[in-house]
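The structure appears right after this line, and notes come after that.
Read the figures in this text as sums done on the coordinates, not as results from a lab. Note that the structure is predicted; figures quoted are calculated from it, not measured.
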C-alpha cells in the first residue's frame, strides 16, 4: 500500500486533482484516472471535492492556494462548477464524457480508457484551461 499523506501546507504546493467520481461510467473512469495520477505523479494529489463543497476550512484553503486540475465526468461539469462557486480558477480541465466515452449506468470500465485519458492529461497539464483563464 502506498502512503500519499502529506500535510495540508504541503498540499498547497502540489497540483490538486478535484474529480467528479459519480456513479456512472464516466465518473468512475475519472476517479480511477485521479487515483493513478496521485500514485504515479509526485506533484499530483487528490483533494476531497465533497469536503470543498461542504466548506471544510482546510480543504477550501487547499483548493484556494494550490494549482487545480479538474476532472469532470459528465458534460454538466459539476466539479468545475463547484470551484466556480468559490470563484477559484483552475489550471486544467477535462470532461471524460467528451473523450469518446458515454455516460452509462455502470461502474464497470476498461483500463485502456483510463490509461488513454491519463496520458492525455499528463501530456496537456501545462496548457491552461480555456474556460477559466
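Region 16-133: Rg/Rh from Cα coordinates, Kirkwood Rh? Working shown, then result.
Details: Rg = 13.2 Å, Rh = 14.1 Å.
Result for region 16-133 is an Rg/Rh of 0.94.
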If you scale each eigenvalue of the Cα gyration tensor by 5 and take the root, what three semi-axes come out for region 35-82, rounded to whole angstrom and sorted largest first? 18, 16, 9
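Which whole-number percentage describes the relative contact order of the chain, with Cα contacts under 8 Å and a sequence gap of 6 or more?
Numbers: 217 pairs, mean separation 40.1, N = 133.
Averaging sequence separation for qualifying contacts and normalising by length gives 30 percent for the chain.
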From the helices alone, meaning DSSP H stretches of at least four residues, give me the mean residue ellipticity at 222 nm for the chain, per-run term -39500 (n - 2.57), in deg cm²/dmol to the nearest 500. -12000 deg cm²/dmol
